[in-house]
Amino acid sequence: MAITLKEVAERAGVSRAAVSRAFTEGASVSAKTRAKVEKAAAELGYSPNMLARSLTTRRTQLVGLVSNNFRNPVFLQIFDQFTRAIQERGLRPLLLNLTEDTDPARSVQLLRQYSVDGVIVASSHLPTDFARAFRDAGLPVVHAFGRAEAEPKVNVVAIDNVAAGRMAAETLIARGYRQLGFLGGPEGASTTQDRLAGFSEHAARQGVPVTIGFAGAYSFEAGHSAMQRLLAQETRPDAWFCADDVLSIGALSAAAEAGLRIPDEIGIIGLNDMEIASWSNIALTTIHQPFEAIVAASIDLIVSTFNDPARAPEVRLFPCHIVERRTLRPLP
């Protein structure tokens with residue numbers, strides 16, 4: 001049978017209220033009493049009942065973790081980091097898969113049924129209005145990998161996607177490529193729009209033409225199919241910025257099937273630096289997105305909002321850098 005709070009109190013020689021306070025974050029309890037309670041609990045094998053505690057504290061310690069991009073393998077890395085980091089803070093993640101349903105009202109209703117303390121929307125192509133729906137429902141929210149706004153309505157943690165696009169164009173032009181291509185994800189995604197804006201803006205300033213294409217999803221199949229279609233066009237760029245690593249890997253496969261030598265006849269740069277990009281049979285040159293920093297900042301912000309619900313939303317942007325592998329010519 002489960003050990004009860006009463007049994008811990010009797011073993012420690014304190015009241016049940018003292019045991020409860022010892023296991024409640026921020027509660028007033030002396031160091032001596034806490035030590036006695038923790039010793040008794042360890043001897044008895046007692047663990048506090050989080051559900052029962054939530055009835056008293058009105059905090060469930062649950063954080064809703066919401067996304068709609070589970071087909072992109074990079075999100076396996078991201079969710080691994082998120083779930084471990086949330087648990088290390090004494091919280092518990094509740095994962096919500098929106099792959100087939102992006103109605104914010106339904107998501108708000110579901111997460112409120114579980115009385116989550118807050119929500120992290122981890123998606124690069126759900127609109128800001130989606131995250132705002134949680135805020136409007138009274139839930140603390142952070143949009144990780146979201147779009148930065150001058151006057152944010154919700155907390156946003158991300159990279160500067162316009163700057164990332166500009167970095168890709170600078171890198172390709174510095175390698176001597178003079179006919180560039182851009183392959184983005186879904187055309188309506190804010191990340192696609194912003195990365196394209198930075199890329200084409202810098203290319204235009206350098207007088208370098210850009211061929212533009214979009215994939216229907218962030219997946220290997222979508223990148224492969226889109227690149228097959230683009231390679232069949234009369235104008236063939238000599239280098240491509242594929243605005244996501246999984247699209248890049250699909251594009252590399254299509255280029256190899258077309259008999260093109262990489263990077264001699266066609267260069268490709270991606271974005272994310274997911275683990276698969278470093279595999280020796282892929283060796284994708286890419287733009288590193290600092291997932292660990294974005295995850296840590298997202299959790300810091302959600303916890304800060306728990307403690308201060310009236311705090312103003314903020315935007316935190318992290319810099320990227322190029323990771324050199326084998327899909328671009330070396331610098332001259």
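All of the numbers you see were taken from the coordinates with simple rules; none came from a lab. As the structure is a computational prediction, the values presented were derived from the model and not from experiment. Backbone-built Cβ (ideal geometry, glycine too); neighbour counts: all protein chains shown.
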Problem set entry | Estimated inter-spin distance, LYS39 and ARG71, nm [label 7 Å along Cα→Cβ] | 5.9
Seminar exercise, completed: the chain, Gaussian network, Cα under 10 Å: of ASP194, ASP308, ASP245, the residue fluctuating most is ASP308
Exercise. For the range 234-242, in order, what is each residue's ³J(HN,Hα) by Karplus, 6.51 cos²θ - 1.76 cosθ + 1.60 with θ = phi - 60°, in whole Hz (x at glycine and Pro)?
Worked result: 5, 8, 10, x, 8, 7, 10, 9, 9
Seminar exercise, completed: So the angle from the long Cα axis of helix 161-174 to the longest Cα principal axis of the chain, reported in degrees to the nearest 10, equals 40
For this session: Report the label-to-label distance for ARG178 and GLU275 in nanometres (one decimal), using points 7 Å from each Cα along the Cα→Cβ vector.
Result: 4.3
Problem set entry | Karplus-derived HN-Hα couplings along the range 199-205 (A = 6.51, B = -1.76, C = 1.60, θ = phi - 60°), whole Hz, x at Gly and Pro | 5, 6, 4, 5, 4, 5, 5
Seminar exercise, completed: Karplus ³J(HN,Hα) for the range 142-153 (6.51 cos²θ - 1.76 cosθ + 1.60, θ = phi - 60°; Hz, whole; x = Gly/Pro) runs 10, 9, 7, 6, x, 9, 6, 10, 4, 10, x, 8
Exercise. Could you give the angle, 0 to 90 degrees to the nearest 10, between helix 74-88's Cα long axis and the longest principal axis of the Cα atoms of the chain?
Worked result: 20
Problem set entry | Cα gyration tensor category, rounded, prolate or oblate, for the range 161-289 with a/c compared to 1.5 | rounded
Problem set entry | Computed E for GLU324/LEU95 - FRET, C-beta separation, R0 35 angstrom, nearest 0.05 | 0.50
For this session: May I ask for the angle, rounded to the nearest 10°, between helix 220-231 and the longest principal axis of the chain, with both axes built from Cα atoms and the value confined to 0 to 90°?
Result: 20
Exercise. Excluding same-chain residues fewer than 8 positions from LYS153, which aspartates and glutamates have a Cα within less than 15 Å of its Cα?
Worked result: ASP129, ASP136, GLU314
For this session: For LYS32 and GLU149, compute 0.36 nm times the residue count separating them, minus their Cα-Cα distance, and round to one decimal in nm.
Result: 37.2 nm
Seminar exercise, completed: Rounded to one decimal in nm, the spacing of the 7 Å Cα→Cβ label points at ASP136 and ASP264 is 5.8
Exercise. When we measure straight from the Cα of LYS6, which aspartates and glutamates land under 20 angstrom away, once same-chain ones fewer than 8 places off are left out?
Worked result: GLU25, GLU38, GLU43
